[in-house]
Amino acid sequence: QVQLVESGGGLVQPGGSLRLSCAASGSIFSIIAMGWYRQAPGKQRELVATITSGDITNYSDSVKGRFTVSRHNAKNTVYLQMNSLKPEDTAVYYCKVATSIRDYWGQGTQVTVSS
C-alpha cells in the first residue's frame, strides 16, 4: 500500500518562507513525476509545481521565481521551498505522485500566510 506523508505546513507572515516535504512509502514503481497542487477555500485545486524523473520542472505563473520544487529520488521524496509568501498563497497543499499505473495523492497540509 502506497502512502504519501506531507509535512512542513503552518502559519507564516507575508514575505516569509516555508518548506514542504512529501515522502512516498510502500510499493511504488515507475514514478513519472512528483509535484504539488493547492486548493484555496471556494476554489478548484490548481497546479503549483511539478518535477519529472528527469528533473524537468514546471511552475504555475503565480509562483514562478518564488517557489522551488526538488526531489530526492532514492528517498521518493519531493520538496517545495516557498519564499516571499503572499496571503493569496494560503491554501491546503497536496502532494501528488504520478506513476505509469496511477496517481497517488497526499492528505494535504495547510499553509496560511497572514500577519
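The values are calculated or read from the model by the stated rules, or taken from the named source; none is laboratory data. The model shown is predicted, which means the values in this text are computed figures rather than measured ones. Positions of Cβ are generated from backbone atoms using ideal geometry, with glycine treated the same way; all protein chains shown enter the neighbour counts. Only protein heavy atoms, including side chains, enter the accessible area calculation; ligands, DNA and RNA are left aside. Shrake-Rupley method; radii C 1.70, N 1.55, O 1.52, S 1.80 Å.
Would you call Thr57 among the hydroxyl-bearing types (Ser, Thr, Tyr) and open to solvent by less than 40 Å² (accessible area, probe 1.4 Å)? Criteria not met by Thr57. Here are the criteria: (1) touching a strand residue (DSSP E or B) at 6+ places or on another chain (Cβ under 8 Å); (2) open to solvent by less than 70 Å² (accessible area, probe 1.4 Å). Tell me which single one Ser30 does not satisfy. Exception for Ser30: condition (2).
I need the full set of residues from the stretch 71-101 which are in a loop (DSSP other than H, G, I, E, B) and hydroxyl-bearing (Ser, Thr, Tyr), in order please.
We begin by selecting, within the stretch 71-101, every residue in a loop (DSSP other than H, G, I, E, B); these are 76, 83-86, 90, 100-101.
Selection gives Ser84, Thr90, Ser100.
Only a single item in (1) of a type outside the set (Gly, Ala, Ser); (2) surrounded by 14 or more Cβ atoms within 10 Å (Cβ to Cβ); (3) in a loop (DSSP other than H, G, I, E, B) is not met by Thr68, and it is number (3).
Among the candidates Gly35, Gly15, the residue that is touching a residue at least 60 places away in the same chain (Cβ under 8 Å) and buried (at least 16 other Cβ atoms within 10 Å of the Cβ) is uniquely Gly35. In summary, Ser100 fulfils each of the numbered conditions (1) surrounded by 14 or more Cβ atoms within 10 Å (Cβ to Cβ); (2) more than 23 Å from Pro14 (Cβ to Cβ) with the single exception of condition (1).
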